[in-house]
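Written below as structure tokens is the structure these notes are about.
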Amino acid sequence: PDSATNLRFLAFLSVTLKALNDHADLIRASIASPSNDLRLGANEAPPAIISAFIGEQLTATLDSLMAQSKPKKGKATADAKVNIEVPKIPEILLDNTDRNRTSPFAFTGNKFELRAVGSSANCAAPMIALNAAVAQALRTFLVLVESLQSSGVPRKEAILEVVRQFVHESVRIRFEGNCYSQEWVDEAKRRGLSNYTSSVEAFKAFISTPTLGLFDELGILSEREMKARYEIRLENYIRKVQIEARVMGDLATNHIIPIAIRYQNLLIENVRGLQAVLDQKTYVKLSKVQLQSIREISEHIMEIRVNVAAMVEARRKANRLTDAEEQAKVYDREVRSYFDRIRYHADKLELLVDDELWPLPKYRELLFTR
């Protein structure tokens, strides 16, 4: 590629990185949902921390660009000199870029991929957020370039200077390592990057000052419209978690516990039978496993009942609230907190109860269910 092509590529690359850096919280909010909260950061999904991966070659190119000093006033600034300063983009970039599956926003040779969108999500929301952020960055880019040109700086030199500025500003959002690692979580915190693991926290970006300013500046949505969408997001979140809580309570109470009790009764009958036909010493020896299983099943049944009751009470508490944000917080912090507890004990019962009695597909069976 010639110098003009390289410069154009670097300009759009720097603009995209600046857009992501300036509106990372909005991008995170645009892909937020109750189900995506469970997906982000696990099982091949990128983490909730928004960062960009551009690969080893482009990183070296941008680092080289940042290392360049601004030409001193009065020096030759002809196009030929500027062309020399424009870093060369490797021709093999398309085939040589590492695709780093842990990054939420990765450059993969000829495009950026936003990988954090949930499988059930409509991609319109994140596309609106991305396009708006990039549009604003492009406007800023144009204003800065024209300002430099008005002061006598040649066009190509002005473009290169603004590219260099944007690259400097977006350094904190670039990360080439393992985004799943705890080291990155710690490093991202030091860099001042947000880590919203909950949709309720992430949604606040829709009504933040930067976001409201962005959509108002571009004439996309007014403050009132953004606040309405924020309320709708909260309401959808509340309804989904409410349904999940009700389904979980129903499955636990009307399906899992009754089957566990039925199997427990079979064990009790077995123990009574052993006691009836064996001498005391032999009975004590041979009934240990059954008695231990009976105790374990009882403990898990009790924990499920206690946690389902507590979850129902937390849901009632949330439903009494009239403020959508406060209601969503209770569903997020209190109601959902019981999901893992109930599931833990249900998973334990799944390992204890006879396969023929268990009413639901077991995890190991899901691989072979047709």
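Couple of notes before you dig in:
- In a simple Cβ point-charge model (Lys, Arg +1; Asp, Glu -1; nothing else charged), the chain has a dipole of about 300 debye relative to its Cα centre.
- Cross-link pairs beyond the 23 Å C-alpha cut-off, checked among K189/K317; K204/K329; K111/K240: K189/K317; K111/K240
- Accessible-area order (highest first, 1.4 angstrom probe) of the listed residues R224, R8, R190, R39: R224, R190, R8, R39
- In order through segment 274-281: 3J(HN,Hα) via Karplus (6.51 cos²θ - 1.76 cosθ + 1.60), integer Hz, x for Gly, Pro: 4, 5, 6, 9, 10, 6, 4, 5
- Eigen-decomposition of the gyration tensor built on the alpha-carbon atoms of the chain gives equivalent ellipsoid semi-axes of 58, 25, 14 angstrom, largest listed first.
- For segment 215-222, 3J(HN,Hα) computed residue by residue from phi via the Karplus equation (6.51, -1.76, 1.60; θ = phi - 60°) reads 6, 6, 4, 8, x, 8, 9, 7 Hz, glycine and proline entered as x.
- Amide H contacts under 5 Å for A52, placed H, 5+ residues apart: R174, F175
- Euclidean distance of C-alpha centroids, segment 287-308 and segment 109-134, integer Å: 47 Å
- Heavy-atom accessible surface of segment 93-209: percent carbon and sulfur, 1.4 Å: 53 percent
- Accessible area per residue for the chain is 54 Å², calculated with a 1.4 Å probe on protein heavy atoms, without ligands, DNA or RNA.
- Segment 280-345: chymotrypsin sites (Phe, Trp or Tyr not before Pro) falling in loop per DSSP and having at most 16 other Cβ within 10 Å: none
- Per-residue SASA entry for V167, accessible area with 1.4 Å probe, Å² rounded to 10: 0 Å²
The values are calculated or read from the model by the stated rules, or taken from the named source; none is laboratory data. It should be emphasised that the depicted structure is a prediction, and the values quoted were computed from it without experimental measurement. In this analysis, Cβ positions are derived from the backbone assuming ideal geometry, glycine residues included, and neighbour counts consider all displayed protein chains. Accessible surface is based on the protein model in full, side chains and every heavy atom, while ligands, DNA and RNA are left aside. Shrake-Rupley method; radii C 1.70, N 1.55, O 1.52, S 1.80 Å.
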